[in-house]
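Written out below as structure tokens is the structure these notes cover.
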Amino acid sequence: MPPDPVPPGHPSFDLFTAPRDHVLAPGAMVLGGFARNDAPALLAAIDHIAAAAPFRRMTTPGGRTMSVAMTNCGQAGWISDRSGYRYTPVDPATGRPWPALPVLFSALAAQAAAQAGFAGFQPDACLINRYDPGTRLTLHQDRNERDFDRPIVSVSLGLPALFLWGGPARTDRVRRIPLEHGDVVVWGGPARLTYHGIHTLADGIHPLTGRTRLNLTFRLAR
Ligand code: MD3
Ligand code: FE
């Protein structure tokens, strides 16, 4: 008999990998290892998406090239270019709509949001970030979405990273929170507009992704 299928978002843990769920601050919750069992399927889906909408390093409005490579799936995709940051229905690199959000993605995001207290979250956008060793994401707020009452759900895959987590102002002191393969974090309520970033990625090799960290962020953009 085949083993029972594991539902999306089913947390995996045993004596040696106890769950690490904790509240970081009001509205911000780490679901340690929540996506671990789904990681191989998530990575296969990312490969499929990237075949249709390739990873690219975007240009900031100030003319710099971001070190993190990005692509999207869903009804809307986040882009940056000389004219600003925004969501678009079409990938400017291909002229085609962004690939559809896989059911596994939306189910995982909804289940994680519900577990963190945000029932009924149905994302329409998923930004996929790819970090190679030496790349980083500088401190920023996510404020291109229409409704800040909706949470953002993030899924970390591959190499571990230090998440930089500040406050409501750019100058607030920054905490460093390690994020590992399979960790899911839900950011909503009073945490939704906190400044955050990813520290320069240390080199390493992950058994499933090699020298790479991937991050999915699920959003309701429109
Ligand atoms: C806290 N991504 O794509 S995910 C981003 O790991 C982004 O690639 C990082 O920041 C990454 O915009 C961090 C965690 C995250 C995402 C969105 C947030 C934390 C957040 C929005 C508000 C507050
Ligand atoms: Fe962000």
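The values are calculated or read from the model by the stated rules, or taken from the named source; none is laboratory data. Small disclaimer: the values here were computed from a predicted structure and weren't measured. No Cβ is skipped: glycine too gets one built from the backbone with ideal geometry, and neighbour counts run over all protein chains shown. What goes into the accessible areas is simple: the full protein's heavy atoms, side chains included, and nothing from ligands, DNA or RNA. Shrake-Rupley method; radii C 1.70, N 1.55, O 1.52, S 1.80 Å.
Assuming R0 = 22 Å, can you tell me the calculated FRET efficiency for the pair Asp132 and Arg176, based on Cβ-Cβ distance, to the nearest 0.05?
The value I calculate is 0.60.
Could you report the accessible area of Thr94 in Å², rounded to 10, computed with a 1.4 Å probe on the protein chains as they sit in the structure?
50 Å²
If each of Leu104 and Leu43 carries a label point 7 Å out from its Cα toward its Cβ, how far apart are those two points in nm?
Calculated label separation equals 1.1 nm.
As an exercise, use a Förster radius of 25 Å and the Cβ-Cβ distance of Thr88 and His22 to find the FRET efficiency, rounded to the nearest 0.05.
Given R0 = 25 Å and the Cβ-Cβ separation, E is 0.10.
Among Asp124, Asp21, Asp183, Asp81, what's the order by accessible area (1.4 angstrom probe), most exposed first?
So the residues, ranked largest to smallest area, are Asp21, Asp81, Asp124, Asp183.
Ranked from the most accessible area to the least, with a 1.4 Å probe and all protein chains present, what is the order of Ser67, Ser154?
Ser67, Ser154
Would you calculate the separation in nanometres between label points at Arg57 and Arg222, each defined as 7 Å from the Cα along the Cα-to-beta-carbon direction?
Between Arg57 and Arg222, the label points sit 3.0 nm apart.
Can you tell me the relative contact order of the chain? Whole percent, Cα pairs under 8 Å, sequence separation 6 or more.
24 percent.
Just to verify a number: what accessible area does Val23 come out at with the full protein assembly present, 1.4 Å probe, Å² rounded to tens?
100 Å²
Taking amide hydrogens as modeled 1.01 Å from N in the peptide plane, which residues meet the under 5 Å criterion relative to Leu220, leaving out close sequence neighbours?
Answer set, sorted by chain and number: Asp124.
Pull up all non-local amide H partners of Val68: gap of 5 or more, or a different chain, and H-to-H distance under 5 Å with H placed in the peptide plane.
Arg136
Would you pull out the residues with amide H under 5 Å of Arg175's amide H, same chain only if 5 or more places away, H placed 1.01 Å from N?
When sequence neighbours closer than 5 places are left aside, the close amide H contacts are Trp165, Gly166.
Would you compute, from DSSP H runs of 4+ residues alone, the mean residue ellipticity of the chain at 222 nm, taking -39500 (n - 2.57) per run and dividing by the full residue count, rounded to the nearest 500? It would help to have the intermediate numbers written out before the result.
Details: 2 runs with 27 residues, N = 222.
The helix-only estimate for the chain comes to -4000 deg cm²/dmol at 222 nm.
Quick check: the distance between the Cα centres of the range 19-87 and the range 155-201, to the nearest angstrom?
13 Å
Which ³J(HN,Hα) values in Hz, rounded to whole numbers, follow from the phi angles of the range 107-118 under the Karplus curve 6.51 cos²θ - 1.76 cosθ + 1.60, where θ = phi - 60° and Gly and Pro get x?
Residue by residue, the range 107-118 yields 5, 4, 5, 5, 5, 5, 4, 4, 4, 8, x, 10 Hz.
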